[in-house]
Amino acid sequence: YAADHGCQIINCSWGGGFFSQLGQDVINYATINKNALVLASAGNDNVDSPAFPAAFQYVTSVAATTASDAKASFSNYNYTVDISAPGNNIYSTVSNNGYTTMSGTSMSSPIAAGAAGIIKSHFPAYNALQVGEQLRVTCDDIYGLATNANFKGRLGKGRINMANSLTQSLPSVRMNPINFTDGNDDAFVAGDTIKISGDFLN
């Protein structure tokens, strides 16, 4: 609905644990057919697990960090996460014309979506995926923090840095899809030779 009505950046501060082809088809339609970037919260269960819609292909998955760039205690983490953004004690609007402080990846995802909107405004010729990649590749590395050492690679590229995203031009190469097989039963065991194939997109 949002993509059909011209939204170029769509935030999904919700999710669950299951893949569905219908969900992926909706993302494909919004992203490829309608050129809308979809961002989604990675989840708040402090588990190494993909959440959906965040883990769908083409969605920018957002984990949450604290003010000191540590992974927020509640934030999910996973290799499907693309970026992190502040999500702890965020001052935000609530219903009935109010304001309150809330925490969650539902807070970090709209912060990232807001940054994506500014990138799109600054680089109007970028398509949806290019906007998402510009946000991702210009993140600050947060894995040097001792508190993040156990989450290497599972908080995405790092914490978003909007100033970098508007001033830096960095390469972005993604492998998708990633296919792997042992040429036999695909029950990978010690001693197997695994063939990995896929397409690289710059």
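The values are calculated or read from the model by the stated rules, or taken from the named source; none is laboratory data. Note that the coordinates shown come from a computational prediction; the quantities given were computed from them, not determined experimentally. Note that each Cβ is placed from the backbone with ideal geometry, even for glycine, and that neighbours are counted across all protein chains shown. SASA here: full protein model, heavy atoms, side chains in, ligands and nucleic acids out. Shrake-Rupley method; radii C 1.70, N 1.55, O 1.52, S 1.80 Å.
Output the residues belonging to region 44-56 that are out of contact with any helix residue (DSSP H, G or I) (no Cβ under 9 Å at 6 or more places or on another chain) and surrounded by 17 or more Cβ atoms within 10 Å (Cβ to Cβ).
P50, A55, listed by residue number.
Filter region 150-202 down to the residues that are open to solvent by 60 Å² or more (accessible area, probe 1.4 Å), part of a loop (DSSP other than H, G, I, E, B) and in contact with a strand residue (DSSP E or B) (Cβ under 7 Å, 6 or more places away or on another chain), then identify the one that is farthest from A54 (Cα to Cα).
G183
Would you mind finding the one in G87, G98 that is surrounded by 13 or more Cβ atoms within 10 Å (Cβ to Cβ) and either of a type in the set (G, A, S) or free of Cβ contacts under 8 Å to residues at least 40 places away in the same chain (or both)?
G87
I'm told T93 meets every condition in (1) surrounded by 14 or more Cβ atoms within 10 Å (Cβ to Cβ); (2) modelled with pLDDT under 95; (3) not aromatic (F, W, Y) except one. Can you identify the failing condition by its number?
(1)
Residues in region 9-43 that are of a type in the set (S, T, N, Q), open to solvent by 20 Å² or more (accessible area, probe 1.4 Å) and more than 14 Å from the chain's Cα centre (by Cα): how many?
5
Is region 101-122 home to any residue that is of a type outside the set (G, A, S) and at pLDDT below 95?
No, region 101-122 contains no residue that is of a type outside the set (G, A, S) and at pLDDT below 95.
Out of the residues in region 59-82 meeting the condition of being of a type in the set (S, T, Y) and more than 9 Å from the chain's Cα centre (by Cα), tell me which one is most open to solvent (accessible area, probe 1.4 Å).
Top of the filtered list is Y79.
Of all the residues that make up region 132-149, how many are touching a helix residue (DSSP H, G or I) at 6+ places or on another chain (Cβ under 6 Å) and part of a loop (DSSP other than H, G, I, E, B)?
The number of residues fulfilling the criteria is 2.
Within region 153-202, restricting attention to residues that are of a type in the set (S, T, N, Q) and under 20 Å from L129 (Cβ atoms), which residue is modelled with the lowest pLDDT?
N176
Across region 107-131, which residue is surrounded by the most Cβ atoms within 10 Å (Cβ to Cβ) among those that are over 17 Å from the mean Cα position of the chain (by Cα) and not in a helix (DSSP H, G or I)?
Per the criteria, the residue is Y126.
Can you tell me which of (1) over 18 Å from V81 (Cβ atoms); (2) of a type in the set (G, A, S); (3) touching a residue at least 40 places away in the same chain (Cβ under 8 Å) is the one A190 doesn't meet?
(3)
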